[in-house]
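The values are calculated or read from the model by the stated rules, or taken from the named source; none is laboratory data. The model shown is predicted, which means the values in this text are computed figures rather than measured ones. For neighbour counting, all protein chains shown are included, and Cβ atoms are generated from backbone atoms with ideal geometry for every residue, glycine included.
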Amino acid sequence: MLWDIDGTLLRNAKSGGGLYDEAIQQVTGFTPLGPRPAEHGKVDGQIIAERLAEYGLPAVAQDAVARRLDELALERHAGGSDVREPVPGAHEALAAVGAAGWTNALLTGNSTTRARAKLVGAGLDPDLFDWEHSFFGGTARARTDVTAQAASALAGEPHVIVGDTPTDDVAAAAAGIPFIGVATGIFPVERLRQTGAVLVLPDLVAGLDDLLEWLGGVPAEETLTA
């Protein structure tokens, strides 16, 4: 079970996008232009690359900005200024999925460092997840890069992505991985039903029984295909 983090297991942060510009400013000295449209579903590497291009900054700053982004995430976590909140039912859903014989893992647009800091800050034990079989977008240029990696690494094993955005579905479909949508982010059930999701949940409380029923119908010995 490949869980997204922001908007799926944790409530979206109100100012999460500002951290990218803060990292860019500290690395390059350029002062970004202020608030921008939401970038839900994009991966860290993609957001950094797109902002550097938009600001006319050199692409070679990418790695340094990514490192500074990780450092800022750790600094905020250590300072207690980035306390996140799990969505209702997150703890119970993780426990129930594990009890049903599935392995909880991550497929997120964040780096490993940022993912761990967010989970700890929200009170979710990182040891609930199989980090060896989790996949991260800290250096990726598109979410499809991350799902392609997951599909290759998990070939022959049942796996499914749980996320809160249509972009999660597009990336899952590109890799041939089933997608389960959960309306715990900014996209409502009606919008997620317009995707190719095999199942759409209103949240992890009301939708938990449906999730477990769907998982119970998956043959353990077969690779899932969308």
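The figures follow:
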item	result
Breaking point among (1) in contact with a helix residue (DSSP H, G or I) (Cβ under 7 Å, 6 or more places away or on another chain); (2) under 25 Å from residue 100 (Cα atoms); (3) surrounded by fewer than 24 Cβ atoms within 10 Å (Cβ to Cβ), for residue 174	(2)
Search result, residues across the stretch 1-37 that are more than 30 Å from residue 130 (Cβ to Cβ), among the aliphatic types (A, V, I, L, M) and assigned to a loop (DSSP other than H, G, I, E, B)	33
Where a residue in the stretch 195-223 is among the polar types (S, T, N, Q) and its partner, wherever it lies, is crowded, with 16+ Cβ neighbours inside 10 Å and at pLDDT 95 or above, with Cβ under 6 Å and at least six apart	195/166; 195/169
Contacts under 9 angstrom Cβ, first residue in the stretch 88-100 being closer than 16 Å to residue 159 by Cα, partner polar (S, T, N, Q) and not in a helix (DSSP H, G or I), 6 or more apart	94/104; 97/103; 97/104; 98/104
